[in-house]
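The values are calculated or read from the model by the stated rules, or taken from the named source; none is laboratory data. Predicted model, so just to flag it, every value in this text is computed and none were measured. Using ideal geometry, Cβ is built from the backbone for each residue, glycine included, and neighbour counts are taken over all protein chains shown. All accessible areas refer to the heavy atoms of the entire protein, side chains included, with ligands and DNA or RNA removed. Shrake-Rupley method; radii C 1.70, N 1.55, O 1.52, S 1.80 Å.
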Amino acid sequence: MNELTSLSVAEMRSGLLSKQFSCVELVDAHLSRIEATNEVLNSFITISSELARSAAQNADSVIAQSGEESPPLTGIPVAVKDMLVTEGIETTCASQILKGFIPPYQCTAVSRMCKRGAVIVGKTNLDEFAMGASNENSSFGPVRNPWDTKRVPGGSSGGSAAAVSAGQAPLALGTDTGGSIRQPASLTGIVGLKPTYGRVSRFGAVAFASSLDQIGPFARSVEDLAVLLQAIAGKDERDSTSVDEPVPNYSEAIAKGENEALSKLRVGVPKEYFIDGMDPAVEDSVRKSLGVLEKLGATLVDVSLPHTELAIPTYYILNPAEASSNLARYDGVRYGLREPADSLQEMYARTRAKGFGPEVKRRIMIGTYVLSAGYYDAYYLKAQQIRTLIINDFKAAFANDCDVIAAPVSPSTAFAIGEKADSPLQMYLADVFTCPINLAGLPGMSVPCGSDADGLPIGLQFIGKPFDESTLLRCGHAFFKQSSFDIRSMARKQATEFAI
Amino acid sequence: MALSKEDIEHIAKLAALELSPDEFNAAFQELNDILNYIDQLQAVDTRGVVATSHVHGVVNAFRDDVIRPSFSKEQVTKNAPSIDERGFRVPKVI
């Protein structure tokens with residue numbers, strides 16, 4: 001990482017305003033970093049150099065004209081998960097079925113951030129249609145973890161996480177359906193937030209499991225993350241499930257974390273999130289972090305979320321059911337791949353056979369089965385009822401015991417590429433501490449809290465009340481500043497270690 | 001509820017997916033493993049529990065029925081594999 005690619009967003013902003021460097025120089029530095037590292041990391045599917053350079057030139061003239069009045073992300077490079085449609089930039093969802101698709105419109109979260117000056121540097125790799133926890137399910141090949149390139153970066157937003165971790169971009173957008181922002185953030189040593197369901201518009205996020213999907217930001221610090229969240233949050237009339245809750249000024253949450261730390265805050269620690277079989281290094285690091293929270297003024301409270309163990313089976317009914325329905329649109333008619341055939345039915349079946357990868361087919365099959373005639377009540381309805389029980393667990397904890405919950409993100413650190421590839425069910429268990437939060441529609445954030453014996457990062461998860469991202473940012477910022485885990489020095493170490 | 005090979009064939013047909021023999025065998029094994037795992041939910045007593053549809057209880061989202069600009073035919077069809085002047089072209093239906 002050179003100097004410009006390791007700066008914080010605030011440092012980039014002040015460097016741009018004081019003319020130490022231009023937006024074009026800043027964007028070029030990141031494009032060079034991508035060029036130098038993408039062959040190994042495979043974190044980008046599309047690098048949009050030309051559009052990025054012209055947006056950077058435009059940003060330079062905005063800064064020349066408006067200076068401090070220019071929008072907060074002016075000239076800041078951002079990587080975008082290739083699950084979000086980008087007008088004029090190929091959008092694949094890492095699937096062969098969408099290869100070559102150039103969307104005629106822009107995702108709301110992307111257009112909001114671009115309106116605030118952000119420069120898209122490219123589209124990042126992911127598990128095909130966001131189905132996976134390792135980024136190995138991409139038809140464009142796996143992404144490699146910058147900390148150890150023999151290991152996965154997590155998934156499904158593995159490309160966005162690797163990009164931010166390795167200095168290819170200071171900020172990125174991802175999507176999180178069962179942990180797809182928080183788990184890769186944890187495995188690559190960065191910060192990632194899944195906002196409350198409905199906080200950020202899903203318009204232009206390619207639909208996967210619509211009652212669970214949410215777009216969110218990645219960054220190398222909580223402060224940086226807050227800037228991107230501010231840009232994308234808020235009701236959008238084009239997503240009827242987005243909620244009209246006022247969006248607070250997130251810099252106030254950061255200031256509160258800075259000035260008051262965690263004083264008077266009750267932090268719930270759910271016993272069901274410390275389970276047999278989790279990596280002892282993860283448990284140790286998370287428990288030590290709880291001690292840090294206490295030192296910051298928090299009161300730790302034991303809480304119970306008794307239906308936690310039902311979350312994965314519930315999730316793996318709802319998720320494939322919604323996915324099978326959403327993915328019915330890939331039929332070889334309006335966009336993407338078409339395989340030749342004599343009849344329409346045959347064309348559908350062949351196109352989908354060729355265009356979808358194994359995990360996507362698996363979920364379509366499960367989802368089709370659980371929604372098929374005669375099974376709806378036993379599976380989908382049952383799962384929606386258990387979802388209510390899971391939601392009630394959180395409601396009770398927040399009503400009676402605590403203001404925020406602290407827990408692990410992932411039961412293990414980054415695993416080796418190929419290690420879990422043969423067992424779909426094993427891979428599903430990676431979501432154990434993250435998918436309950438999607439089922440309950442709550443905000444969750446992963447913050448780096450330590451590393452294991454091999455130096456691989458570990459994340460701490462903060463889980464909040466609906467629409468209370470502010471408390472997560474406050475906790476995250478106070479913890480991040482206090483933590484002995486210094487991501488920026490680790491980032492420099494990582495950069496020399498993977499020696500590109 | 002174990003799935004038979006006939007069930008797998010039926011599901012693949014409903015899902016409009018052509019499976020190769022290898023994929024078919026893998027699906028038979030994996031789907032049964034996964035269903036066996038999720039079947040643990042059948043033991044949970046959910047009598048009287050209301051099913052969740054929207055996590056924050058949003059029910060209907062109405063808007064005024066106003067005509068607004070939409071994409072041109074060129075924009076809508078530019079990604080299509082096959083079109084003619086009237087719309088999308090598909091293989092024989094009947």
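Please work out if A:I317 is at the interface with chain B (Cβ under 7 Å from one of its Cβ atoms) and in contact with a Phe, Trp or Tyr (Cβ under 6 Å, 6 or more places away or on another chain). It is true that A:I317 is at the interface with chain B (Cβ under 7 Å from one of its Cβ atoms) and in contact with a Phe, Trp or Tyr (Cβ under 6 Å, 6 or more places away or on another chain).
For region A:57-70, the criterion of being in a loop (DSSP other than H, G, I, E, B) and either hydroxyl-bearing (S, T, Y) or open to solvent by less than 10 Å² (accessible area, probe 1.4 Å) (or both) is met by at least one residue. I'd like the full set of residues that are buried (at least 17 other Cβ atoms within 10 Å of the Cβ) and over 24 Å from the mean Cα position of the chain (by Cα), limited to region A:306-322. Within region A:306-322, A:H307 is the sole residue that qualifies. Taking region A:90-129 as the range and being surrounded by fewer than 20 Cβ atoms within 10 Å (Cβ to Cβ) and among the β-branched types (V, I, T) as the test, only A:I102 passes. Taking each residue of region A:119-133 that is closer than 22 Å to A:P320 by Cβ and looking for partners that are of a type in the set (D, E, K, R) and part of a strand (DSSP E or B) with beta-carbon atoms closer than 7 Å, six or more apart or interchain, yields A:L126/A:K81.
Being open to solvent by less than 60 Å² (accessible area, probe 1.4 Å) and not polar (S, T, N, Q) is a description that does not apply to A:D284.
Scanning region A:87-102 for residues that are over 19 Å from the mean Cα position of the chain (by Cα) and under 25 Å from A:C23 (Cβ atoms) returns A:E87, A:G88, A:I89, A:E90. Of the conditions (1) open to solvent by 10 Å² or more (accessible area, probe 1.4 Å); (2) at pLDDT 95 or above; (3) of a type in the set (S, T, N, Q), A:S201 satisfies every one except a single condition; which number is it? Result: A:S201 fails condition (1) only. When region A:399-450 is filtered for residues that are among the hydroxyl-bearing types (S, T, Y), part of a loop (DSSP other than H, G, I, E, B) and either in contact with a helix residue (DSSP H, G or I) (Cβ under 6 Å, 6 or more places away or on another chain) or modelled with pLDDT under 95 (or both), the ones remaining, listed by number, are A:S410, A:S423, A:T434.
Look at (1) open to solvent by less than 50 Å² (accessible area, probe 1.4 Å); (2) facing chain B (nearest Cβ under 10 Å) and you find that A:P340 fails only one, number (1). Checked against (1) more than 27 Å from A:P448 (Cα to Cα); (2) out of contact with any helix residue (DSSP H, G or I) (no Cβ under 6 Å at 6 or more places or on another chain); (3) buried (at least 23 other Cβ atoms within 10 Å of the Cβ), A:T241 passes all but condition (3). Output the number of the condition that A:A414 fails; it satisfies all remaining conditions of (1) within 16 Å of A:I275 (Cβ to Cβ); (2) crowded, with 24+ Cβ neighbours inside 10 Å. Against the list (1) within 16 Å of A:I275 (Cβ to Cβ); (2) crowded, with 24+ Cβ neighbours inside 10 Å, A:A414 comes up short only on (1). Scanning region A:42-56 for residues that are farther than 16 Å from A:L26 by Cβ and touching a Ser or Thr at 6+ places or on another chain (Cβ under 9 Å), we see that the one that is surrounded by the most Cβ atoms within 10 Å (Cβ to Cβ) is A:S43. Summed over region A:141-164, residues that are open to solvent by 10 Å² or more (accessible area, probe 1.4 Å) and in a strand (DSSP E or B) total 2.
Each residue in region A:75-102 was checked for being without any contact (Cβ under 8 Å) to a residue 60 or more places away in the chain, part of a loop (DSSP other than H, G, I, E, B) and not aliphatic (A, V, I, L, M), and 4 pass. Note on region B:44-78: residues that are among the small types (G, A, S), at pLDDT below 95 and surrounded by fewer than 10 Cβ atoms within 10 Å (Cβ to Cβ) total 2. Please verify whether B:I11 is of a type in the set (A, V, I, L, M, F, W, C) and open to solvent by 90 Å² or more (accessible area, probe 1.4 Å), treating the condition exactly as stated. Spelling it out, it is not the case that B:I11 is of a type in the set (A, V, I, L, M, F, W, C) and open to solvent by 90 Å² or more (accessible area, probe 1.4 Å). Can you find even one residue in region A:384-402 that is among the small types (G, A, S) and within 11 Å of chain B (Cβ to nearest Cβ)? So far as region A:384-402 goes, no, none of its residues is among the small types (G, A, S) and within 11 Å of chain B (Cβ to nearest Cβ). Evaluate region A:22-41: report whether one residue or more is open to solvent by 40 Å² or more (accessible area, probe 1.4 Å), touching a Ser or Thr at 6+ places or on another chain (Cβ under 8 Å), assigned to a helix (DSSP H, G or I) and not hydrophobic (A, V, I, L, M, F, W, C). No, every residue in region A:22-41 fails to be open to solvent by 40 Å² or more (accessible area, probe 1.4 Å), touching a Ser or Thr at 6+ places or on another chain (Cβ under 8 Å), assigned to a helix (DSSP H, G or I) and not hydrophobic (A, V, I, L, M, F, W, C). You will find that of A:L442, A:L429, the residue that is touching a Pro at 6+ places or on another chain (Cβ under 8 Å), open to solvent by less than 30 Å² (accessible area, probe 1.4 Å) and within 13 Å of chain B (Cβ to nearest Cβ) is A:L442 and no other. Out of curiosity, is A:I76 open to solvent by less than 40 Å² (accessible area, probe 1.4 Å), under 22 Å from the mean Cα position of the chain (by Cα) and of a type in the set (A, V, I, L, M)? Here the answer is yes, as A:I76 does meet what is asked. Scanning region A:371-384 for residues being part of a helix (DSSP H, G or I) and either open to solvent by less than 30 Å² (accessible area, probe 1.4 Å) or over 30 Å from B:A27 (Cβ atoms) (or both) gives a total of 5.
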